[in-house]
Amino acid sequence: MSELRFVRLGFGAEAVEYQEAWQRQREVHAARFADEVPDTCLLLEHPPVYTAGRRTAESERPLDGTPVVDVDRGGKITWHGPGQLVGYPIMKLPRPVDVVAHVRRLEEALILACADLGVATSRIEGRSGVWVLGDPVEERPTLGGLSLDFDPRLHDEEFDPRLHDEEFDPRLNGPEYAPSNAGQRREDRKLAAIGIRIAKGVSMHGFALNVNPDNRWFDRIVPCGIRDAGVTSLAAELGSGITIAEVLPVVERRLREVLETAELHPRTVADQAPQAPSAPSVPPAPSAPDAVPMAPR
């Protein structure tokens, strides 16, 4: 794979507005498609902003009507803001693109970077991103006398589930259920989110690594549409201060190591089964009037 170029767009007081960074992504994407620039990773901080991927449900957006930027990446709703390192790797990938393999490479680079910084992380099957694993359910603490692994409405004698079909919403059940308190509950908690888009064989969007943000911003939404886990940061897991300036070179080194040395292959496409030789023409067999062929699953 070719050398990966890093472009540091802005941090701290020079954090880059989301729409401005999105436009910059489009410009670099077009240039990479035309082979005018090498594979490029934009690194930056954003001012506070909620962004929603294509799969976001209305019930996962802020309850107070806070504005949300709808974007063309995969995934659901998340937050970006101060204390979060955002990376947009814009890379040309072999077609047909193996999207899952690309996400796994980003996860691997971030898992290695977090280990370098003293935080053990992992993947969770069926959930993208980088996670700090929680304690076994039976060993998790209880707060306020409630079991935090269940919808508290189930413990209310006056609650009739036949009259309610809404999902458990942690935003409506007190701060102890907030995503930002997942560490206190010893639940699984996401340290880095990943959401990408592939257009014309070139990747866009990327990852957001929580370094030292105010994670209470996540409490207004259902982060990534996940209701039974929360969020965390490097600072929270380390129990001490850490800055983006300290994290940045570590993440760059691991991204370069993983992405530059990866052996890229197109996504495997199963060959179509050979068609049987044509049979002599015969009258069609009778069938049900509304019968249609089933699509493969």
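Answer yes if at least one residue in the range 91-101 is of a type outside the set (Ser, Thr, Tyr) and within 26 Å of Gly134 (Cα to Cα), and no otherwise.
So far as the range 91-101 goes, yes, one or more of its residues are of a type outside the set (Ser, Thr, Tyr) and within 26 Å of Gly134 (Cα to Cα).
Output yes when any residue across the range 61-82 is over 18 Å from Gly225 (Cβ atoms) and either of a type in the set (A, V, I, L, M) or open to solvent by less than 30 Å² (accessible area, probe 1.4 Å) (or both), and no when none is.
For the range 61-82, residues over 18 Å from Gly225 (Cβ atoms) and either of a type in the set (A, V, I, L, M) or open to solvent by less than 30 Å² (accessible area, probe 1.4 Å) (or both): present.
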In the range 42-53, is there at least one residue being open to solvent by less than 60 Å² (accessible area, probe 1.4 Å), under 20 Å from Arg227 (Cβ atoms) and in contact (Cβ under 8 Å) with a residue 60 or more places away in the chain? yes
Checked the range 241-250 for anything open to solvent by 60 Å² or more (accessible area, probe 1.4 Å) and either without any contact (Cβ under 8 Å) to a residue 12 or more places away in the chain or assigned to a helix (DSSP H, G or I) (or both); matches are Ala245, Glu246, Pro249
Residue set Leu106, Leu117, Leu63; condition under 28 Å from Gly201 (Cα atoms) and touching a residue at least 60 places away in the same chain (Cβ under 8 Å); output residue Leu106
Of (1) open to solvent by 40 Å² or more (accessible area, probe 1.4 Å); (2) in contact with a strand residue (DSSP E or B) (Cβ under 8 Å, 6 or more places away or on another chain); (3) within 18 Å of Thr121 (Cβ to Cβ); (4) not aromatic (Phe, Trp, Tyr), Asn215 fails just (1)
Of the candidates Asp290, Asp271, the one satisfying the condition of being modelled with pLDDT under 55 and charged (D, E, K, R) is Asp290
TODO: Could you tell me whether Leu110 is at pLDDT 95 or above, among the aliphatic types (A, V, I, L, M) and not in a helix (DSSP H, G or I)?
DONE: no
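Is it true that Ala101 is in contact (Cβ under 8 Å) with a residue 12 or more places away in the chain, in a helix (DSSP H, G or I) and touching a strand residue (DSSP E or B) at 6+ places or on another chain (Cβ under 9 Å)?
Considered against the rule, which asks whether it is in contact (Cβ under 8 Å) with a residue 12 or more places away in the chain, in a helix (DSSP H, G or I) and touching a strand residue (DSSP E or B) at 6+ places or on another chain (Cβ under 9 Å), Ala101 comes out as no.
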Of the candidates Gly129, Gly183, Gly174, Gly134, the one satisfying the condition of being surrounded by fewer than 14 Cβ atoms within 10 Å (Cβ to Cβ), closer than 19 Å to Asn215 by Cβ and at pLDDT 65 or above is Gly174
Screening Arg253, Arg227 for residues that are at pLDDT 60 or above, part of a helix (DSSP H, G or I) and either charged (D, E, K, R) or crowded, with 18+ Cβ neighbours inside 10 Å (or both) leaves only Arg253
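The values are calculated or read from the model by the stated rules, or taken from the named source; none is laboratory data. Only a predicted model underlies this, so the values are computations on that prediction, with no experimental measurement involved. A quick note on method: Cβ atoms are made from the backbone with ideal geometry, for glycine too, and the neighbour counts reach across all protein chains shown. Please note that ligands, DNA and RNA were not included when accessible areas were found on the heavy atoms of the full protein model with its side chains. Shrake-Rupley method; radii C 1.70, N 1.55, O 1.52, S 1.80 Å.
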